[in-house]
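Accompanying notes for the structure given below.
The values are calculated or read from the model by the stated rules, or taken from the named source; none is laboratory data. Nothing here was measured: the structure is a model prediction, and the numbers come from that model. Neighbour counts run over all protein chains shown; Cβ positions are idealised from the backbone, glycine included. Areas reflect the complete protein model, heavy atoms only, side chains present, ligands, DNA and RNA absent. Shrake-Rupley method; radii C 1.70, N 1.55, O 1.52, S 1.80 Å.
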Amino acid sequence: MSLDYLSHGTARGPLPYLYGAPARSSANAPLLVFLHGGRDRGDDLNLLLRWSPPRQVAASPDRGHHFVAPQLPADAAWTDRPEDVLALIDDVVATRGIDPQRVVLAGSSPGAPAAWQLGPAHPDRFAGLAVASGRVPRGLPLDALARTPTWVFHGGLDDKLPHAEVEAHVAELRARGGHVDYTLYPQGNHFISEQAFVDSGFAPWLLARVRRAEEPLAA
């Protein structure tokens with residue numbers, strides 16, 4: 001699947017992004033939205049292609065999902081742009097004919113805590129979360145994630161964030177009724193996106209995600 005280099009206008013300025021369509025047109029194809037790590041900020045979308053999932057998507061002609069990866073300016077953080085990310089998602093969903101119940105949010109490194117924050121803040125918008133190598137922000141309203149399937153990936157040798165801290169959060173979320181898959185790569189360091197988003201189970205997991213509008217949100 002080829003990737004298009006596009007830009008979404010916001011009040012803070014343009015938000016450039018990569019977009020990839022599924023290999024075959026389908027009303028059931030989900031949308032994967034990926035928030036990159038700190039090393040990929042800037043004004044060159046090719047920086048995103050150094051890691052998966054953008055690199056994997058660009059190299060795979062037979063993807064079954066839509067893909068969007070916005071890029072932050074060099075001096076910005078995802079916490080500065082949550083409304084811009086949501087507006088981009090709304091625009092892509094509307095213009096590409098995507099089912100809004102099939103949007104999955106993913107993030108790696110600094111993109112992971114951003115996904116953790118957006119997920120429970122807007123539990124009616126996402127069919128799933130996938131986070132890799134990311135710190136879990138304190139004070140999250142975890143109950144809001146109870147009906148959002150989540151997959152957490154982490155490296156056992158991550159020198160930026162001990163895996164025990166992530167595992168404690170996974171255990172807490174599960175205790176509150178959350179549907180959480182957890183994959184630890186014992187020899188993995190902080191940069192495990194090549195393993196996580198190329199995991200043989202990730203594509204089937206993504207393609208199975210549908211947020212049922214009739215399901216009540218957790219209280």
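Starting from the stretch 198-219, take each residue that is over 19 Å from residue 184 (Cα atoms) and modelled with pLDDT under 90 and list its partners that are open to solvent by 60 Å² or more (accessible area, probe 1.4 Å) and assigned to a loop (DSSP other than H, G, I, E, B), counting only C-beta distances under 9 angstrom and pairs at least six apart or across chains.
From residues that are over 19 Å from residue 184 (Cα atoms) and modelled with pLDDT under 90, the pairs are 212/147; 213/124; 215/147; 216/147; 217/124; 217/147; 218/147; 218/176.
Could you grab the pairs with beta carbons closer than 7 Å, sequence gap of 6+ or different chains, first residue in the stretch 75-94 and touching a residue at least 24 places away in the same chain (Cβ under 8 Å) and over 14 Å from residue 111 (Cβ atoms), second one exposed (fewer than 15 other Cβ atoms within 10 Å of the Cβ) and aromatic (Phe, Trp, Tyr)?
none
Being among the charged types (D, E, K, R) and touching a residue at least 60 places away in the same chain (Cβ under 8 Å) is true for just one of 143, 159. Which residue is that?
Result: 143 is the single residue among 143, 159 that is among the charged types (D, E, K, R) and touching a residue at least 60 places away in the same chain (Cβ under 8 Å).
In the stretch 135-153, how many are among the basic types (Lys, Arg) and either under 11 Å from residue 113 (Cα atoms) or not in a loop (DSSP other than H, G, I, E, B) (or both)?
Summing the residues that are among the basic types (Lys, Arg) and either under 11 Å from residue 113 (Cα atoms) or not in a loop (DSSP other than H, G, I, E, B) (or both) in the stretch 135-153 gives 2.
Run down 163, 179, 122, 190 and say which single residue is within 18 Å of residue 78 (Cβ to Cβ), open to solvent by 30 Å² or more (accessible area, probe 1.4 Å) and either among the aliphatic types (A, V, I, L, M) or modelled with pLDDT of 90 or more (or both).
122
Would you please name the residue that is farthest from residue 40 (Cα to Cα), looking only at residues in the stretch 162-178 that are in contact with a Gly (Cβ under 9 Å, 6 or more places away or on another chain) and either part of a strand (DSSP E or B) or in contact (Cβ under 8 Å) with a residue 24 or more places away in the chain (or both)?
Filtering the stretch 162-178 for residues that are in contact with a Gly (Cβ under 9 Å, 6 or more places away or on another chain) and either part of a strand (DSSP E or B) or in contact (Cβ under 8 Å) with a residue 24 or more places away in the chain (or both), the one farthest from residue 40 (Cα to Cα) comes out as 172.
Could you check the stretch 32-44 and list, in sequence order, the residues that are open to solvent by 20 Å² or more (accessible area, probe 1.4 Å) and assigned to a helix (DSSP H, G or I)?
38, 39
Pick from 60, 26, 52, 7: which is under 30 Å from residue 212 (Cα atoms) and without any contact (Cβ under 8 Å) to a residue 40 or more places away in the chain?
26
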